[in-house]
Amino acid sequence: MSDLIRKDASELAGLVSSGEVSAVEVAQAHLDRIAAVDGEVHAFLHVDTEGALVSAAAVDAKVKAGDKLSVLAGVPLGLKDILATNGLPTTCGSRILDGWIPPYDATVVTKLREAGVVILGKTNMDEFAMGSSTEHSAFGPTHNPWDLERIPGGSGGGSSACVSSFEAPLAIGTDTGGSIRQPAAVTGSVGVKPTYGGVSRYGIVALASSLDQAGPCARNVLDTALLHSVIAGHDPMDATSINAPVPDVVAAAKRADIKGMKVGIVKELGGEGYQAGVRSRFEESVALIESLGAEVVEVSCPSFPAALAAYYLILPSEASSNLAKFDGIRFGNRVGDDGSKSVEQVMSETRAAGFGSEVIRRIILGTYALSAGYYDAYYGQAQKVRTLIKQDFDAAFAKVDVLISPTAPTTAFKIGEKLDDPLAMYLNDVATIPVNMAGLPGMSLPIGLAPEDNLPVGLQIIAPAMADDRLYNVGAAIERELLAKWGGPILGMAPELAGA
Amino acid sequence: MSGISQEDVAHLARLAHIDIPADQLGHYAKQLDAILNAVAEVSSLDTANVAAMSHPVPMTNVFREDIPGVSLTAEQALSGAPAVEDERFRVPRILDEE
Amino acid sequence: MVEATMNYDEAISKFDPVLGLEVHVELGTNTKMFCGCSTVFGAPPNTQVCPVCLGLPGALPALNKIGVESAIRIGLALNCEIAEWCRFARKNYFYPDMPKNFQTSQYDEPIAFEGYLDVEIDTDEGRKTFRVPIERAHMEEDTGKNSHVGGATGRIHGADYSLVDYNRAGIPLIEIVTKPITGTGKYAPEVAKAYVAALRDILRGLGVSDVKMEQGSLRCDVNLSLRETPESKLGTRSETKNVNSLRSVERAVRYEVSRHAARLAAGDTVVQETRHWHEDTGISTSGRAKSDAEDYRYFPEPDLLPIAPSREWVEELRAALPENPAVRRARLVADWGLSEIDMNTVVNSGALDLIVEAVDAGVDPAAARKWWTGELSRIANDRGIELEELPVTPAHLKRLEELISAGSLNDKLARQALEGVIVGEGDIDEIVKARGLAVVSDDGPLLAAIDEALAADPAVAETIKSGKLAAAGSVVGAVMKATRGQADAARVRELLFEKLGVSE
Ligand SMILES: [Zn+2]
């Protein structure tokens, strides 16, 4: 197996632009890796061998012509199957979209293509991004490369797994309640949910419109920052896109200096309910941060305990409306149209057959929460709680520069373990959800393995809106110390996959 | 605050246009009831003087100029449709006029 | 099923009607409300669609500024308050012509609210003004168009399947909703019609829509309920859709009053339901009953940010509003010294703006009115074109009138000059010259022509002399013919009487 697959994205981009290695060689190395190990990992739903090689060749042609290249030109990437790709299947992990080929590209995809990033294919996910384990994909689960019996997190388990199994140095995820950060935490990779409005949502199939945000996944902080810088920025096609300069995340990742910063530990995001090894690694990180010259204080966010409940009202409500368009009329599959049934009946049969049980559960829940007579008690009340969460963050950021917590309460659990217990599943996102509720940026960074199971633990870093650069500064500073302590990247400790 | 019955689930499924088989209604009712009990925690906070937050970005008046952009061709528009006739989307018979 | 009805006069003697009108107007913006697709009418199916208005997964709305501006202007013209802050909401229901299976609309935060529109109608006591209270005007989007195949020709019932064209989906709509209109008594049908007509005139004056009821760019739903007396509480209402001409508005109200009254008088209840108006038969039929299935689950549209029109913007738009058509009409009636009937003729001919333009350019109002409602209307009608499409300018009419009052053109010659303008022969003076159009003012040729005419009909001179002056007409006619219309008829008559020694 080529050693190209173990290289960082920044290094690969350098090799390609200098002409030392061709983008086609880089793409081929990763396609070979996918062919070798994806049978076990199942990170990809669709591999676009031809498209990847064609776009890699285009980068090589530019190199030859001496054209200016973007920072990630020629670097391969896995794209979560929730982003619309012109000419490439887009399923959202759902049977209802099996075979659908969009006639347009998401803005993020357009930016990636323009930057010469080589899209290897579409990665697996919980159906319509509903889940924390990728078990709810209609096309079968993705496996965690640290232990194939375990989940890679969710909903973007395909993206985290492809990065952590060296199938791609970069991936795009989307994060509605933790779907970038929790998968990053349980696979020992880095993931960032940017500020809401920082990255265009145009062309990303909506789960909960007021919470969704696409972001970068990679194996280190600098690569994550580079990808962030490529996909971020104002888009007139997305009314909620922020029309302001993108924070200089790459410079921040290179700065890696937290001396004099104030870091807050969120009292409500830790302690009881968090696995012992998660807690111990988190406490070590706190000590590390202090040793780098930052001041660490505890802050309280009293409304956070209600965040999970509010989230599980807002998300299903918005999702029930967003998913109404999946009716088998304009796109996707249609079921039961034998010529005798009414359109209403055919829509209902199509949706029953096309959606998995978790999607149906959430649509029904959302339909209920928005119903006349229940709106105020459920959806309306949840939106007020959202305001309180935002106020808690505002108060906290009046005192500190960034907040930290464990990303997830546990390390990767076993496939099947929580599948029939939606409430237990929902608890995975307890620490990540408040960030989405307030529209803030958040990062998950690997901080070691839990002693009891030797599985990765993630640290969550949270910054104020449009201060995404702080995540990278803090993350890179911690990463530098940990790499020195470990003697190399954490993923070097992961077991070798059999197919490799 | 909850207590969701099979009939409730059947009604909600009709609203949501999902044909849930009768023998699964009980299963969904039980799960939804459990979830609704859990999310009842939203009522634990005093929100008497709190405004509801619908958008996480504090922006207003985001407009587009009234200038035509690029549309799809009929072929592109119809490319993903399960049934097409005469450059239109073919749908099963409609029972009710809107 | 045709339902029983009660004679209207009897019905109105027993019950007090309460009206409500919901008007949907399609805006004439270049692009749709939330995407850049064109709104031009009549394009081939599914060619004015994009991921946004087709509701493809991932697409997001982007709000048309002119759509919002038009909504504010309509609100102002209807004497409404303009919201300082409002949001869009999703109205959730499934229907195949609605791509997202929700309509992006406004719910409890309309952009305009609390207005009114005064309308005038003829009553037994003369013209009377009714104030129609307006509850709200809000922004939303149109749906696609279904056509039904199989079964009874194109009707929804019995069709085998339907075909959907989404070109119209997403076209900006403004929905204007009245409050319950009370106190109209027997004039409910007339008030309803006058309201829709006045609204149409306002919208046309604002230039926000082509307001063509027959093309569906202005659509009306009529709500009606009856109660025993003006003091009783409101009765159950029916909502009649598809009322798409002014005449139908009046008829639908009349019909529903008669239908409700028959039911109530028979001891039946009125069903709260949606009904469909049938223009051809002049009746409404039952659509579907309002049921619990109609739970629209409105919530604020997360993909569109709130609208907070600055007071400066609103005042700027208010200052630039055109004069209210009804006020303007009253002013013109007074200025021009017209009767209401004359004014109706002017308005119905569609020439009002053209006449105003001509008058502003210095043409006498009576003359401007005469040309535009007479000769020019006839020509436009013959050619099957709109008056506005004629190449006749205020300058043309002004010059024409100057020549007429100078006596160098008469009516007939002036018509010929206009004809020249219409076929593109140049300006009035050029045409007059090229066609040799001039009243013959030299008496010599006229006297010669009179002699010729008298010689051709020797008896006529005696008839005139005997006092039957009307006989002069044939001589004048003959002279006009001989001079190819270029004679001044009055002068011919004068010379004839002089010659015969008779006086008028
Ligand atoms: Zn469009």
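The values are calculated or read from the model by the stated rules, or taken from the named source; none is laboratory data. The structure displayed is predicted, hence computed values, not measured ones. Ideal geometry is used to build each Cβ from the backbone, glycine not excepted, and the neighbour counts take in all protein chains shown.
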Restricted to region A:306-353 and to residues being of a type in the set (F, W, Y) and within 12 Å of chain C (Cβ to nearest Cβ), the residue farthest from C:V164 (Cα to Cα) is A:F326
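From the list C:R204, C:R251, which one is buried (at least 20 other Cβ atoms within 10 Å of the Cβ) and either modelled with pLDDT of 95 or more or out of contact with any Pro (no Cβ under 6 Å at 6 or more places or on another chain) (or both)?
On the way: C:R204 fails: buried (at least 20 other Cβ atoms within 10 Å of the Cβ).
Going through C:R204, C:R251 in turn, just one is buried (at least 20 other Cβ atoms within 10 Å of the Cβ) and either modelled with pLDDT of 95 or more or out of contact with any Pro (no Cβ under 6 Å at 6 or more places or on another chain) (or both): C:R251.
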task: Could you check, for region C:442-451, whether at least one of its residues is touching a residue at least 24 places away in the same chain (Cβ under 8 Å) and in contact with an Asp or Glu (Cβ under 8 Å, 6 or more places away or on another chain)?
output: no
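Residues are listed down the side, and each one gets a yes or a no for (1) within 24 Å of A:M493 (Cα to Cα); (2) surrounded by fewer than 24 Cβ atoms within 10 Å (Cβ to Cβ):
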position: A:E149; (1), (2): yes, yes
position: A:R181; (1), (2): yes, no
position: A:G198; (1), (2): no, no
position: A:L227; (1), (2): no, no
- Query: Can you find even one residue in region C:132-141 that is surrounded by 15 or more Cβ atoms within 10 Å (Cβ to Cβ), within 16 Å of the ligand (Cβ to nearest atom) and either assigned by TED's automatic domain parsing to the domain that holds C:L203 or touching a residue at least 60 places away in the same chain (Cβ under 8 Å) (or both)?
  - Reply: yes
Picking from C:G170, C:G144, C:G183, C:G205, the residue that is facing chain B (nearest Cβ under 10 Å) and of a type in the set (G, A, S) would be C:G144
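Across region A:47-71, what is the number of residues that are of a type in the set (D, E), without any contact (Cβ under 8 Å) to a residue 12 or more places away in the chain and in a helix (DSSP H, G or I)? Break it down stepwise before answering.
Here is the first cut: in region A:47-71, the ones of a type in the set (D, E) are A:48, A:50, A:60, A:67.
Still in the list and also without any contact (Cβ under 8 Å) to a residue 12 or more places away in the chain: A:50, A:67.
Filter again for in a helix (DSSP H, G or I), leaving A:50.
Qualifying residue count for the region: 1.
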Pairing a residue in region C:41-62 that is more than 10 Å from chain A (Cβ to nearest Cβ) and closer than 20 Å to C:F88 by Cβ with any residue that is surrounded by 24 or more Cβ atoms within 10 Å (Cβ to Cβ) and basic (K, R), where Cβ atoms lie under 8 Å and the two sit 6 or more apart in sequence or on different chains, gives C:C53/C:K32
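Can you pull out the residues in region B:48-69 that are within 24 Å of A:R201 (Cα to Cα) and either modelled with pLDDT under 95 or more than 16 Å from the ligand (Cβ to nearest atom) (or both)?
Taking region B:48-69 and keeping what is within 24 Å of A:R201 (Cα to Cα), we get B:52-69.
Matches in region B:48-69: B:A52, B:M53, B:S54, B:H55, B:P56, B:V57, B:P58, B:M59, B:T60, B:N61, B:V62, B:F63.
Can you give me the ranges of the helices (runs of 4 or more DSSP H) entirely in chain B with at least 2 residues that are more than 30 Å from A:P103 (Cα to Cα) and either at the interface with chain C (Cβ under 7 Å from one of its Cβ atoms) or in contact (Cβ under 8 Å) with a residue 12 or more places away in the chain (or both)? Explain how you work it out, then say what you get.
On the way: elements: B:6-15, B:22-39, B:74-78.
Fully inside chain B and qualifying: B:6-15, B:22-39.
Within the bounds of region A:275-297, is there any residue that is part of a loop (DSSP other than H, G, I, E, B) and aromatic (F, W, Y)? Spell out the reasoning first.
First, pick out the residues of region A:275-297 that are part of a loop (DSSP other than H, G, I, E, B): A:275, A:292-294.
Applying the additional criterion that residues be aromatic (F, W, Y) yields none.
Checking region A:275-297: not a single residue is part of a loop (DSSP other than H, G, I, E, B) and aromatic (F, W, Y).
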Within region A:72-86, of all residues that are within 14 Å of chain C (Cβ to nearest Cβ) and in a loop (DSSP other than H, G, I, E, B), the one surrounded by the most Cβ atoms within 10 Å (Cβ to Cβ) is A:I82
Restricting attention to region C:44-54, the residues that are part of a loop (DSSP other than H, G, I, E, B) and within 10 Å of the ligand (Cβ to nearest atom) number exactly 6
Any residue at all in region B:70-81 that is closer than 30 Å to C:I72 by Cβ and buried (at least 17 other Cβ atoms within 10 Å of the Cβ)? yes
Over region A:358-385, the set of residues more than 7 Å from chain B (Cβ to nearest Cβ), without any contact (Cβ under 8 Å) to a residue 24 or more places away in the chain and touching a helix residue (DSSP H, G or I) at 6+ places or on another chain (Cβ under 9 Å) is A:S371, A:Y374, A:Y375
- Query: Could we say that C:A461 is surrounded by 15 or more Cβ atoms within 10 Å (Cβ to Cβ), out of contact with any His (no Cβ under 8 Å at 6 or more places or on another chain) and touching a residue at least 24 places away in the same chain (Cβ under 8 Å) here?
  - Reply: yes
Of the listed residues (C:S209, C:S225, C:S217), the one being of a type outside the set (A, V, I, L, M), under 15 Å from C:E256 (Cβ atoms) and either at pLDDT 95 or above or crowded, with 18+ Cβ neighbours inside 10 Å (or both) is C:S225
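Quick check on C:E114: is it in a loop (DSSP other than H, G, I, E, B), surrounded by fewer than 24 Cβ atoms within 10 Å (Cβ to Cβ) and more than 16 Å from the ligand (Cβ to nearest atom)?
Details: in a loop (DSSP other than H, G, I, E, B): no; surrounded by fewer than 24 Cβ atoms within 10 Å (Cβ to Cβ): yes; more than 16 Å from the ligand (Cβ to nearest atom): yes.
Considered against the rule, which asks whether it is in a loop (DSSP other than H, G, I, E, B), surrounded by fewer than 24 Cβ atoms within 10 Å (Cβ to Cβ) and more than 16 Å from the ligand (Cβ to nearest atom), C:E114 comes out as no.
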Of the residues in region A:147-200, those that are of a type in the set (K, R) and in contact with a Pro (Cβ under 7 Å, 6 or more places away or on another chain) number 1
*Answer with yes or no whether A:L440 is outside any helix (DSSP H, G or I), at pLDDT 95 or above and within 14 Å of another protein chain (Cβ to nearest Cβ).*
yes
Only unsatisfied item for C:A11, checking (1) within 15 Å of the ligand (Cβ to nearest atom); (2) touching a His at 6+ places or on another chain (Cβ under 8 Å), is (1)
Exactly one of C:E3, C:E84 is closer than 30 Å to A:S317 by Cβ, more than 16 Å from the ligand (Cβ to nearest atom) and surrounded by fewer than 18 Cβ atoms within 10 Å (Cβ to Cβ), and that residue is C:E84
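Here's the yes/no breakdown for (1) away from the ligand (no atom under 13 Å from the Cβ); (2) of a type in the set (K, R); (3) surrounded by 24 or more Cβ atoms within 10 Å (Cβ to Cβ); (4) not assigned by TED's automatic domain parsing to the domain that holds C:M213:
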residue	(1), (2), (3), (4)
C:P17	yes, no, yes, no
C:V25	yes, no, yes, no
C:G28	yes, no, no, no
C:M33	no, no, yes, no
C:S38	no, no, no, no
C:F41	yes, no, no, no
C:N64	no, no, yes, no
Among helices (runs of 4 or more DSSP H) entirely inside region C:439-498, those with 3 or more residues being closer than 26 Å to C:E402 by Cβ are C:443-456, C:472-482
(request) State yes or no: is A:R330 of a type in the set (K, R), assigned to a loop (DSSP other than H, G, I, E, B) and over 24 Å from the mean Cα position of the chain (by Cα)? (result) yes
For region A:285-314, pairs from a residue that is closer than 30 Å to A:A208 by Cα to a residue that is of a type in the set (S, T, N, Q), with Cβ under 6 Å and 6 or more apart or across chains, are A:A306/B:S44
With criteria (1) within 13 Å of the ligand (Cβ to nearest atom); (2) part of a strand (DSSP E or B), C:L21 comes up short on (1)
C:A262 vs (1) in a helix (DSSP H, G or I); (2) buried (at least 19 other Cβ atoms within 10 Å of the Cβ); (3) in the same structural domain as C:E190 (by TED's automatic domain parsing): all pass except (2)
